[in-house]
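The values are calculated or read from the model by the stated rules, or taken from the named source; none is laboratory data. This is a predicted model, so every value here is computed, not measured. Cβ placement follows ideal geometry from the backbone for every residue including glycine, while neighbour counts extend to all protein chains displayed.
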Amino acid sequence: MKTFTKFSFLFFVLMLSWSKLFAQPGPIKNLRYNDDFSYLQSEAIVKKGTDKLKYIPLSHKNHYVSFGGEVREWYEYRKNSNFGDLPPGSVDNKNGILQHRLMLHADFQLGHRVRTFVQLNNTLEFGNQNAPIPEIAVDGLGLHQAFVEYQFGKQKQQRKMSLRVGRQEYDFGNGLLISSREGPNNRLSFDGITLLTNTLSNNIHLLVATPVIIETGIFDNKHIKEYVWGGYANLRQTKNNKLDAYYLGFYSERRQFNYVSGINRRHTVGMRAHNHGSKFYYDVETMLQAGKFNDLKVAALNVTGEVRYIFQSAFWKPMIGIGASYITGDYDANDNQMNTFDPMYPKPVYGLAIPQGPTNISHIRPTFGFQPTDKLFFNFRYYYLARTSIQDGTYTPGMVQVRPIPNITSDKRRLGNQFALDVFYIINQHFTFLNFVSHVEAGPYPMETGVGKNVFYWASALQYKF
């Protein structure tokens, strides 16, 4: 009853959204190179404010540059991070921390064939008594994206093909395998080659890429021996019921499974069916993984789905839904198989309250929400989280094993119960105000493998994009 009272109060005094974090309205997109301000090319449009930066003609016909960017100020407070099990020498930040993100980009359109996109990234952290999380929190100044794109064929033909070479972001499907990683302070980019084919109903990405590893200094980001390749197809884009199909290969020399290092070679084949309608919403995805980890054969699985229904004609448009997943871990350390699913570069699927990635985890997630206005969204979620296999540990989204620590074993399965409240307020197409709060009740597994304290997490953010 105390938990319900606490969240009932926070429900009406906090504003937040996690589930709609990417739902930027208008021409501003999550992947900024997809922004569409072409309507500003008309001389009949009166440009005001930052719209004047969106279409600046250059010396030649059909040559122009568009500038854009974002500023995000994010405050967060954590109590009992990782269920109270902190790294040696670390402490809870009792006053919380402030994270700052500044990103600026320039999009040069040189005729209808050639395009150059450049984006700089500056992320800082204030008030943290501990060292920043590697790759996630701080980048003094970095070249986040820098690519050249060439478009083949005739300008007005329906089928378009282009080749993109250089540093770029990816965000495929639900972001369960490769994402731009919007939640944390540092977004994720890759150095790669991408061949894109677009028609009215389908688009296909073929890629070979390596991730950019973010360091905390100025222009000091680097690479490691980690690569991804394959193809992602968005099919039936003009239909209500859409379909994605993909194959992605993966090679890494920095993964550890149950604290065993080695060479990880993966092949992931996946299928996603989805309909994000105004009333009925469903999204179901299945991924199969094969390959080798050292001398072990890989056989892993991820089945994830969610169904929602929005009562559009009812007062405040209430929404009900349920989601679930079954993601394998290693079933037997003594057989010749590796069953631990490797999500490669996912978004934070379960939020930022606990360091849990989509590996060796099964969950059930009822949701309830409503929309008082066109700009204000509320969403309440409950997670039941448990290990799929008690023979394997739990991992962060970046595949760093969290627990159990070496030489500690546990036959407990349940990780905990998470209560999350999200409220999302779109002030206009430029400003978004976010708040979210989570309370995680520790289950038997973190209690047996560590301190096992309950977790409280709260964050507020104001984001401006132009």
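Just one of (1) farther than 23 Å from Tyr77 by Cβ; (2) among the acidic types (Asp, Glu); (3) surrounded by fewer than 20 Cβ atoms within 10 Å (Cβ to Cβ) fails for Glu441. It is (1). The residue pairs whose first member lies in the range 228-248 and is surrounded by fewer than 15 Cβ atoms within 10 Å (Cβ to Cβ), whose second member is outside any strand (DSSP E or B) and among the charged types (D, E, K, R), and whose beta carbons are closer than 6 Å, counting only pairs six or more residues apart or on different chains, do not exist in this structure. Of everything in the range 315-348 that is over 20 Å from the mean Cα position of the chain (by Cα) and of a type in the set (Gly, Ala, Ser), the residue that is surrounded by the fewest Cβ atoms within 10 Å (Cβ to Cβ) is Ala333. The C-beta contact set for the range 255-281 (first residue closer than 21 Å to Pro406 by Cβ, second residue surrounded by 13 or more Cβ atoms within 10 Å (Cβ to Cβ) and among the basic types (Lys, Arg), distance under 7 angstrom, 6+ apart or interchain) comprises Asn264/Arg255.
Applying a threshold of 8 Å to beta carbon distances and a minimum spacing of six or more residues, or different chains, the list of pairs starting in the range 287-303 at a residue that is surrounded by fewer than 19 Cβ atoms within 10 Å (Cβ to Cβ) and part of a strand (DSSP E or B) and ending at one that is modelled with pLDDT of 95 or more and of a type in the set (Lys, Arg) reads Ala290/Arg266; Ala290/Lys297; Lys292/Arg265.
Residue-level check: of (1) closer than 21 Å to Pro184 by Cα; (2) in contact with a Leu (Cβ under 7 Å, 6 or more places away or on another chain); (3) not aromatic (Phe, Trp, Tyr), Thr359 misses just (2). Inside the range 59-177, counting only strands (runs of 3 or more DSSP E) that do not spill past its ends, which hold 2 or more residues that are farther than 19 Å from Glu215 by Cβ and of a type in the set (A, V, I, L, M)? Ranges flagged: 63-79, 97-110, 114-126, 160-168.
May I ask you to verify whether Glu135 is surrounded by fewer than 20 Cβ atoms within 10 Å (Cβ to Cβ), in contact with a strand residue (DSSP E or B) (Cβ under 8 Å, 6 or more places away or on another chain) and acidic (Asp, Glu)?
yes
Put simply, of Tyr227, Tyr281 the only residue that is assigned to a strand (DSSP E or B), in contact with a strand residue (DSSP E or B) (Cβ under 9 Å, 6 or more places away or on another chain), of a type in the set (Ser, Thr, Tyr) and closer than 19 Å to Leu188 by Cβ is Tyr227.
Cβ-Cβ distances below 7 Å connect the following pairs, each with a first residue in the range 138-150 that is modelled with pLDDT of 95 or more, a second residue that is assigned to a loop (DSSP other than H, G, I, E, B) and polar (S, T, N, Q), and a separation of six or more residues or different chains: Val138/Thr216; Asp139/Asn186; Asp139/Thr216; Gly140/Thr216; Gly142/Asn221; His144/Ser189; Gln145/Ser189.
If you go through the range 379-405 and pick out every residue that is closer than 12 Å to Gly357 by Cα and acidic (Asp, Glu), you end up with 0. Remark: Thr304 falls outside the filter, which requires a residue to be under 25 Å from Phe190 (Cα atoms), among the β-branched types (Val, Ile, Thr) and within 20 Å of the chain's Cα centre (by Cα).
Within the range 422-436, not a single residue is over 30 Å from Phe37 (Cα atoms), in a loop (DSSP other than H, G, I, E, B) and touching a residue at least 40 places away in the same chain (Cβ under 8 Å).
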